[in-house]
């Protein structure tokens, strides 16, 4: 099943300032996440973020802050376990694309929680990472085994547009080139 912009929310999980230096390929993932978040906004897909223990880890990283419409503070590794999380998500959108850090902890647990809440959970694999590659790969395998769909940022953007006739096609194309 292809992604539909009208049914999607983009969820950024814990892409926070103090985590970034420790994440393997974190700068590349942050750049990919920023392009996807900008494209989502162009295509009217809500962009929201979680911040885990922001007093210790800082806010969402700067390249993403401008695109984030709402940030949710959390202490659980799975955002889905936090009181009020489901009510905070944009209503009437059952597909949640997830990107963020750490893929094997907060991203994994949030995706599993979304699946348990009967959302269609989609991992954006090129915008999700961990401190160690082995943890990232293990997290990706487990996310797939849990039943989540796996896409890249570019796959999501083109599925949301559906056609080169989309009025925002050229704007989105500039983001991916």
* Asked: When only residues in segment 86-105 that are over 12 Å from the mean Cα position of the chain (by Cα) and crowded, with 20+ Cβ neighbours inside 10 Å count, which is nearest to residue 7 (Cα to Cα)?
  -> 89
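Residue by residue, here is whether (1) at pLDDT below 95; (2) surrounded by fewer than 16 Cβ atoms within 10 Å (Cβ to Cβ); (3) under 22 Å from residue 112 (Cα atoms) holds:
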residue	(1), (2), (3)
32	no, no, no
35	no, no, no
42	no, no, no
47	no, no, yes
61	no, no, no
67	no, no, no
70	no, yes, yes
75	no, yes, yes
* List pairs: first in segment 69-91 and in contact (Cβ under 8 Å) with a residue 24 or more places away in the chain, second part of a strand (DSSP E or B) and loosely packed, with under 13 Cβ neighbours inside 10 Å, Cβ under 8 Å, 6+ apart or cross-chain? -> 88/70
* Asked: So residue 121 clears everything in (1) buried (at least 22 other Cβ atoms within 10 Å of the Cβ); (2) part of a helix (DSSP H, G or I); (3) free of Cβ contacts under 8 Å to residues at least 40 places away in the same chain except one condition, right? Which one?
  -> (2)
* Asked: Restricting the search to segment 88-118, which residues are farther than 21 Å from residue 153 by Cβ and either part of a strand (DSSP E or B) or modelled with pLDDT under 95 (or both)?
  -> 91, 92
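The values are calculated or read from the model by the stated rules, or taken from the named source; none is laboratory data. Source: prediction; values computed, not measured. A quick note on method: Cβ atoms are made from the backbone with ideal geometry, for glycine too, and the neighbour counts reach across all protein chains shown.
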